[in-house]
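See below for the structure under consideration.
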Amino acid sequence: MAGVAQSSKKNALSLHGLGVICGLTAGVWLGAAEAPTKLVTVGFSPFAVSLCMVAGVFTARWTFPTLLKGTGYVFRDLMERKHLIVWALLAGALWAVANTLTVFAIRDVGLAVAFPLWNANSLIGLFWGRVLFKELSGASAGNISKVVLGAVAIVIAAVMLGFSTLHGDTAAAAHAGRGILAAIGASFMWGTMYVPYRKAYISGMNPLSFVTAFTIGELGTVLALTLALDGGMHSPSFNLFHHRGLVFWLFLGGFVWVIGDLFQQFAAKYLGIGRGIPLSNTNQLWGLAWGALVFGELTGADAKHRLLVLAGSVIMILGALAIGTAVASAREHTSHNEVVLRECDRYGLDYVRTLAAQAGDEFGDRSERRRWWDYLIVATATAVFLWLGLSAVVPPIAMNMMWVGVLGVVLFVSLVIGGWTLWHRTRFS
């Protein structure tokens, strides 16, 4: 037991670096997920956009765990920690409600105002991490300052970047108050959603297994909301599925989002939610990059708004640097191991195995052999995307294709670096 604990401490720096890479990669991909949805959101029901995007998420979420580990591995992991399945379903339901609230927030107050408000979820996550999982317990004053001030800096930067996109139109609609409340509600929902994340990962569950159950709660809740609030079986949301050329872009947005979310899950595992979530919330910087460089959203912006972009970007980068350099001390690791022991005692888990899995070092007795149905799942998901993609129609929206290529390269490079680092250090465990 002591040997595993010492190994965990010895690998702390490499695990911290891995978590930072995962968090920053998550930001790149989560920010890019907005781009495909911009092509088809105009004129469609918010429920229709959410339902189609989540359908793409569902397709992609089952594909990646199957491709990387195999269903045998995933289901054995779930069966070893059955109590976490309900937590994963709960997390998916919280995400679905939060995502629906953001759609209405955008409608009532606009993305520029809503985005910074719901991105405060990192502060909610920081609070829950400290209260429920003793994160930062035993940390030095310097590390506490880095994490807390870094998280606050990222939220402040998000506000600045959000308001940099406002040029004269303040979105002061009659329902602005309702939109602000929706955005704040989404922030609390998403901030609380990270509690099941952390509970799963201190119990040694693989993020790839967690998201497999997560997506069932996610899709089920979105479907239930659509049926209850958008016309039941006659909801116009279902009509959008007949427009394959447009649905492809929503599926693509879901696909990109899943990649970002998987890296966010690994960041939460190896850094905790107090450090990992603020890093992934740098997604607004990348979302702004897509909006400004590809879709020209800052065209005509005055000097004041451009200064907000510059200052907000610098503050966000400094906040990320502060969190990235806040490496957990030995005392903080001791406090963390006490929380792991508490979970093991509560649910009858093996402490040595759990501690090793939590550090990304599994004992290697869980088969990753692919079955015939694994190949069928991947082939089916690929066929769905190809079927939709062959009919895809790009709406007549002005785009800078040079910047599409540049940001596409950034996506690919970040995926290679993040994916290779995860595989080399943990074999995606």
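The values are calculated or read from the model by the stated rules, or taken from the named source; none is laboratory data. Given the structure is predicted, the values throughout are model-derived calculations rather than measurements. Counting neighbours? That spans all protein chains shown, and the Cβs are built from the backbone with ideal geometry, glycine included.
Tell me yes or no: at least one residue of the range 400-410 is touching a residue at least 24 places away in the same chain (Cβ under 8 Å) and within 25 Å of residue 133 (Cβ to Cβ). Looking through the range 400-410, none of the residues is touching a residue at least 24 places away in the same chain (Cβ under 8 Å) and within 25 Å of residue 133 (Cβ to Cβ). When 426, 382 are screened for being under 22 Å from the mean Cα position of the chain (by Cα), closer than 30 Å to residue 70 by Cβ and modelled with pLDDT under 90, only 426 passes. Picking from residues in the range 100-125 that are at pLDDT below 75, more than 16 Å from residue 159 (Cα to Cα) and not basic (Lys, Arg), the one that is surrounded by the fewest Cβ atoms within 10 Å (Cβ to Cβ) is 103.
Checked against the criterion of being in contact with a Lys or Arg (Cβ under 9 Å, 6 or more places away or on another chain) and either modelled with pLDDT under 85 or within 27 Å of residue 328 (Cα to Cα) (or both), the range 152-163 has no qualifying residue.
Pairs meeting the criteria (first residue in the range 313-337 and farther than 13 Å from residue 276 by Cα, second residue surrounded by 18 or more Cβ atoms within 10 Å (Cβ to Cβ) and of a type in the set (Ser, Thr, Tyr), beta carbons under 9 Å, at least 6 apart or on different chains) are 316/282; 317/282; 333/8; 336/8; 337/8. All conditions but one from (1) farther than 19 Å from residue 259 by Cα; (2) surrounded by fewer than 15 Cβ atoms within 10 Å (Cβ to Cβ) apply to residue 409; the one that does not is (1). All conditions but one from (1) among the β-branched types (Val, Ile, Thr); (2) under 20 Å from the mean Cα position of the chain (by Cα); (3) over 30 Å from residue 76 (Cα atoms) apply to residue 259; the one that does not is (3). Any residue at all in the range 360-371 that's modelled with pLDDT under 85 and not in a loop (DSSP other than H, G, I, E, B)? No, there is no match, as no residue in the range 360-371 is modelled with pLDDT under 85 and not in a loop (DSSP other than H, G, I, E, B).
Of the residues in the range 222-239, at least one is under 29 Å from residue 23 (Cα atoms) and in contact (Cβ under 8 Å) with a residue 12 or more places away in the chain. Sub-8 Å Cβ pairs linking a first residue in the range 119-145 that is farther than 21 Å from residue 316 by Cβ and touching a residue at least 12 places away in the same chain (Cβ under 8 Å) to a second residue that is surrounded by fewer than 18 Cβ atoms within 10 Å (Cβ to Cβ) and basic (Lys, Arg), at least 6 apart or interchain, are 138/331; 139/331, ordered by first then second residue. Scanning the range 183-226 for residues that are hydroxyl-bearing (Ser, Thr, Tyr) and under 21 Å from residue 251 (Cβ atoms) returns 212, 215, 221, 226. The numbered conditions (1) at pLDDT below 85; (2) within 20 Å of the chain's Cα centre (by Cα); (3) farther than 16 Å from residue 100 by Cβ are all true for residue 266 except (1).
The condition (being at pLDDT 85 or above and more than 28 Å from residue 123 (Cβ to Cβ)) is satisfied by just one residue among 273, 259, 216, 277: 216.
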